Amino acid sequence: MMSETSKLKREEEIANRLAHHVRERPHLTEHIYRELLILLHRRVIASIDTIQDEARSRLGHDSFEVSTDPNLAERDRWDEAERQLVESVTRDYACKHLSEADIDDLINLLIKREEVRSLDNVTNQPSVTFRELADQVQRFCELPLGETLLPPAEVLGTRVSLTRHFLSDQLEFIGIAKNHLRIRDFDDITRRIVGSDDSMGRIGGKAGGMILAHRILANAEEKKDPFLPVAMPESYYLRSDVVLDFLRLNRLDEYQSQKYKPIEDLTREYPLIRGVFRNGDFPLKIIHGLRRILEGIGHHPLIVRSSSLLEDRYGTAFSGKYASFFLANQGDLEHRLRALLGAIAEVYASVLAPDPIEYRREHHLLDYVEEMAVLIQKVIGVQVGDYFLPSFAGVAFSRNEYRWSPRIKREDGLVRLVMGLGTRAVDRSGPEYPRMVALGAPTLRTESTVQEIKRYAQQTLDVIDMKKNRLRPVRCHDLLAQSMDVAMLDKIVSMQRDSDLYAPPGHYIDADPTDLYITFDKLLRATPFAQRVRDMLSTLEDAYGAPVDMEFACDGQHFYVLQCRTQSQALDAGPVEIPEDIPEDRIIFDAQRYVRTGLVHGIAHIVFVDPAAYDAIPTRQQRVALARLIGRINHKLARRSFILIGPGRWGSNDIRLGVPIRYADINHCRMLIEVARDNNGFVPEVSFGTHFFQDLVEADIHYLPLYPDDAANRFNEEFLLRSPNSLKDIAPDDREFEDMLRVIDIPRTTNGATLSIAMDGESDRAVAWLNKS
């Protein structure tokens with residue numbers, strides 16, 4: 001029990017502490033005592049009435065009698081003498097019943113309120129500059145955290161204002177961000193922004209989505225020790241207003257009207273625009289800021305990513321529409337700076353590319369003044385021999401639209417997983433496949449035999465070659481022949497032995513690199529990785545109030561969030577029944593693999609690329625020219641009245657594997673069909689999760705792979721090859737392509753029939769037939 005002397009000493013210390021705070025902040029004296037009065041009242045130490053009555057008693061006044069008359073005030077206002085005594089009584093009670101920590105927390109909270117009020121005043125100024133707002137944010141964040149936080153209601157408005165100024169003005173995004181981002185999060189953001197001090201701009205949708213997702217996940221795992229803790233790459237932000245300075249400085253404002261031109265003009269002029277932009281000048285202040293970033297980062301590889309104001313918004317993901325560039329970042333400082341400036345300029349130029357402009361037309365966003373921010377990040381990974389790469393990377397979805405087994409549930413989610421850089425998870429490149437992981441049944445594979453697993457396993461990685469100073473693909477065996485010092489390699493590869501595949505028993509792998517195959521079997525069987533990602537997606541979906549997709553990378557130590565946005569979802573077609581009484585001569589094709597539910601009627605044209613003829617095309621230029629021709633046909637035929645059928649992978653980065661079309665070449669079609677023939681090696685990739693697939697989903701374009709050489713399937717190739725070719729009527733100047741590209745006018749060819757396609761994902765069946773009804 002504390003002695004009377006000790007009590008008096010403690011009270012004196014608290015009184016001195018309180019007096020110190022009052023001397024330091026005389027302008028807050030009245031506010032400090034008011035907050036102490038409220039705290040004493042809330043803790044039921046002394047009510048406001050008790051303290052006021054005691055103050056009146058010290059003045060020799062009677063205590064108030066509370067009036068029951070509703071037309072009379074309960075008490076008179078304090079006079080100056082009574083006010084001073086109320087402060088004295090309040091101080092006495094505080095010194096007796098509160099601790100020094102209580103006093104410090106109260107003062108800290110009071111100062112925070114004052115700083116929040118000042119911050120609100122600045123954010124509400126109509127022409128606030130970046131420097132004014134950043135300084136105010138940093139001033140707030142210099143305050144000690146303290147034990148007591150401001151109530152959410154007192155800071156939500158401030159969070160909204162800061163989000164609107166720095167990240168996004170989209171109400172849906174702001175509505176989520178205000179509940180998760182803290183004022184202190186903006187301190188780090190403002191210190192990493194590059195832009196003029198006397199103007200204002202945002203860091204864009206991609207950067208904002210990444211920051212928000214990281215904060216949501218970090219909050220969820222606070223005080224936990226999860227497998228692969230969540231992290232965010234070291235990032236820097238070139239504000240959206242910088243592009244306007246770039247355009248003005250180089251007199252490129254005229255290109256702002258480029259978006260209103262026909263698609264043919266955009267396609268023809270874009271290569272010139274890229275060159276002009278790449279060689280443009282930047283304001284000196286921006287150059288100095290970027291040079292400082294490079295000096296701090298050193299020779300670590302970088303990625304320069306688009307982060308436009310329209311990207312990753314609700315309903316408009318712009319998946320893969322704008323440019324991003326990997327930089328090895330080797331050489332002297334000025335060489336690295338030139339490469340960085342060139343990459344930023346090309347990101348700016350990509351705003352004027354045909355695909356994003358056509359996408360904006362489709363979504364009625366053409367008149368929006370698109371401002372491009374740029375996200376500059378250190379690439380996640382480590383150096384392995386001559387190459388820099390993460391252990392693995394991928395893209396995860398909280399809804400799985402690609403279900404190859406009844407055991408797989410849509411709501412369990414899916415991951416596309418690759419070793420090395422995540423480009424092979426989101427792009428269609430190379431002859432092999434990423435590992436598709438159904439998160440509810442992570443060990444369930446699409447392949448049924450060891451030979452199939454080996455055949456379709458990823459063989460090529462995208463890496464940054466530190467010697468050649470560029471991004472490039474490398475064979476897995478070649479990389480591992482240089483070094484097997486890849487974090488978590490034993491979780492990534494399986495070893496071949498006696499015609500079977502086995503997970504390495506320990507961390508050390510004693511095997512010839514040619515006997516290793518990328519399977520991720522041990523990662524999925526022996527670690528909580530799948531459940532970890534599933535939990536992350538669930539947390540993000542709860543916060544967003546909608547399904548999400550998330551790009552990520554792992555260096556063996558942390559799980560890095562690279563991007564997060566709401567997931568594009570196909571329209572619910574409802575149950576579809578496959579007609580059983582279709583005459584054989586009316587069936588054009590059927591399918592029994594990788595079918596997603598949908599129903600299409602009234603198709604008037606088939607645009608068909610003959611796989612054998614495509615395979616025989618001798619030059620890259622001719623294959624690209626064929627793709628552009630398909631784009632012209634796409635804009636000439638009636639919207640949603642035609643389907644495209646072609647070899648292998650539409651839109652592949654590797655033109656040997658499929659026609660290199662872009663979004664603007666196919667966005668008007670109703671359905672996209674990929675044909676796999678055993679004799680020419682064209683293999684469709686069921687591309688769920690790629691940027692390409694996201695485009696199809698958003699545009700409501702159905703997708704179906706066909707396997708004509710499977711004896712169980714029907715494929716009326718004679719109809720496709722023998723029907724009259726209408727290419728000469730639609731594109732008379734392109735008759736040189738008649739042998740490889742066929743446009744079939746179905747009503748003209750069949751005396752009035754159109755094509756119908758029924759797809760039942762539950763039974764994994766689809767059929768296309770000539771319908772005269």
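The values are calculated or read from the model by the stated rules, or taken from the named source; none is laboratory data. Remember, it's a predicted structure, so these values are computed and weren't measured experimentally. Cβ atoms come from the backbone with ideal geometry, glycine included; neighbour counts cover every protein chain shown. Accessible surface is based on the protein model in full, side chains and every heavy atom, while ligands, DNA and RNA are left aside. Shrake-Rupley method; radii C 1.70, N 1.55, O 1.52, S 1.80 Å.
Things to note:
- Qualifying residue in the range 334-356 (condition: buried (at least 18 other Cβ atoms within 10 Å of the Cβ), touching a helix residue (DSSP H, G or I) at 6+ places or on another chain (Cβ under 9 Å), part of a loop (DSSP other than H, G, I, E, B) and not hydrophobic (A, V, I, L, M, F, W, C)): no
- Residue list for the range 598-618, restricted to those being open to solvent by 10 Å² or more (accessible area, probe 1.4 Å) and either outside any loop (DSSP other than H, G, I, E, B) or of a type in the set (S, T, N, Q) (or both): L599, H601, G602, H605, A612, A613, D615
- Residue within the range 549-562 that is crowded, with 19+ Cβ neighbours inside 10 Å and on the phi > 0 side of the Ramachandran plot present: no
- A single member of Q569, Q557, Q621 is under 30 Å from R445 (Cβ atoms), at pLDDT 90 or above and not in a strand (DSSP E or B), and it is Q557.
- Residue under evaluation C669, criteria (1) surrounded by 21 or more Cβ atoms within 10 Å (Cβ to Cβ); (2) at pLDDT 90 or above; (3) in contact with a Pro (Cβ under 7 Å, 6 or more places away or on another chain), criterion not met: (3)
- Picking from residues in the range 488-505 that are of a type in the set (S, T, N, Q) and outside any loop (DSSP other than H, G, I, E, B), the one that is surrounded by the most Cβ atoms within 10 Å (Cβ to Cβ) is S494.
- When residues of the range 240-252 are limited to those that are of a type in the set (A, V, I, L, M, F, W, C) and open to solvent by 40 Å² or more (accessible area, probe 1.4 Å), the one farthest from V533 (Cα to Cα): L249
- Pairs with Cβ under 8 Å, 6+ apart, first in the range 118-130 and within 14 Å of S196 (Cβ to Cβ) and part of a loop (DSSP other than H, G, I, E, B), second open to solvent by less than 80 Å² (accessible area, probe 1.4 Å) and among the small types (G, A, S): T129/S199
- Under the condition of being touching a Ser or Thr at 6+ places or on another chain (Cβ under 8 Å), open to solvent by 30 Å² or more (accessible area, probe 1.4 Å) and not in a strand (DSSP E or B), the residues counted in the range 465-487 number 2.
- Index of the failed condition, L150 passing every other in (1) buried (at least 18 other Cβ atoms within 10 Å of the Cβ); (2) touching a residue at least 40 places away in the same chain (Cβ under 8 Å): (1)
- Qualifying residue in the range 223-239 (condition: open to solvent by less than 40 Å² (accessible area, probe 1.4 Å), touching a residue at least 40 places away in the same chain (Cβ under 8 Å), in contact with a Ser or Thr (Cβ under 9 Å, 6 or more places away or on another chain) and within 14 Å of L341 (Cβ to Cβ)): yes
- For the range 228-250, a tally of residues being assigned to a loop (DSSP other than H, G, I, E, B) and within 22 Å of the chain's Cα centre (by Cα) returns 8.
- Tally, over the range 522-542, of residues that are under 20 Å from the mean Cα position of the chain (by Cα) and either modelled with pLDDT under 95 or open to solvent by 20 Å² or more (accessible area, probe 1.4 Å) (or both): 7
A quick yes/no check of all residues on (1) out of contact with any Lys or Arg (no Cβ under 6 Å at 6 or more places or on another chain); (2) buried (at least 20 other Cβ atoms within 10 Å of the Cβ); (3) outside any loop (DSSP other than H, G, I, E, B); (4) at pLDDT 95 or above:
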site	(1), (2), (3), (4)
D281	yes, no, no, yes
H288	yes, no, yes, yes
R291	yes, no, yes, yes
G296	yes, no, yes, yes
H299	yes, no, no, yes
V304	yes, yes, yes, yes
Y322	yes, yes, no, no
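- Selected residue (only one of R593, R628, R632 is in contact (Cβ under 8 Å) with a residue 24 or more places away in the chain, open to solvent by 10 Å² or more (accessible area, probe 1.4 Å) and in a loop (DSSP other than H, G, I, E, B)): R593
- The strands (runs of 3 or more DSSP E) falling completely within the range 370-425 that include 3 or more residues that are under 19 Å from K522 (Cβ atoms) and touching a Gly at 6+ places or on another chain (Cβ under 8 Å) map to 392-397, 414-419.
- Among the residues listed as L523, L540, the single one being closer than 29 Å to N219 by Cβ, touching a Lys or Arg at 6+ places or on another chain (Cβ under 8 Å) and not in a loop (DSSP other than H, G, I, E, B): L523
- Search result, residues across the range 635-655 that are part of a loop (DSSP other than H, G, I, E, B), crowded, with 21+ Cβ neighbours inside 10 Å and not small (G, A, S): R649, W650
- Meets criteria (assigned to a helix (DSSP H, G or I), of a type in the set (S, T, Y) and either over 17 Å from L562 (Cβ atoms) or open to solvent by 20 Å² or more (accessible area, probe 1.4 Å) (or both)) for Y255: yes
- The selection criterion, being part of a helix (DSSP H, G or I) and open to solvent by 50 Å² or more (accessible area, probe 1.4 Å), does not hold for E115.
A quick yes/no check of all residues on (1) assigned to a helix (DSSP H, G or I); (2) aromatic (F, W, Y); (3) at pLDDT below 80:
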| site | (1), (2), (3) |
| --- | --- |
| I38 | yes, no, no |
| I45 | no, no, no |
| D53 | yes, no, no |
| G60 | no, no, yes |
| S63 | no, no, yes |
| S67 | no, no, yes |
| N71 | no, no, yes |
| D76 | no, no, yes |
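- Filtering the range 181-210 to residues that are within 19 Å of the chain's Cα centre (by Cα), open to solvent by less than 10 Å² (accessible area, probe 1.4 Å) and within 18 Å of I286 (Cα to Cα) leaves I189, I203, G204.
- V600 being touching a Ser or Thr at 6+ places or on another chain (Cβ under 8 Å) and among the hydrophobic types (A, V, I, L, M, F, W, C): yes
- Filtering the range 511-521 to residues that are charged (D, E, K, R) and surrounded by 20 or more Cβ atoms within 10 Å (Cβ to Cβ) leaves only D521.
- Inter-residue pairs, beta-carbon under 7 Å, first within 23 Å of E114 (Cβ to Cβ) and open to solvent by 40 Å² or more (accessible area, probe 1.4 Å) and in the range 31-58, second not aromatic (F, W, Y) and not in a helix (DSSP H, G or I), 6+ apart: H41/S47
- Selection over the range 426-453 of residues that are at pLDDT below 85, part of a loop (DSSP other than H, G, I, E, B), open to solvent by less than 40 Å² (accessible area, probe 1.4 Å) and not hydroxyl-bearing (S, T, Y) gives a count of 4.
- Test result for T90, buried (at least 18 other Cβ atoms within 10 Å of the Cβ) and either at pLDDT 85 or above or in contact with a helix residue (DSSP H, G or I) (Cβ under 6 Å, 6 or more places away or on another chain) (or both): yes
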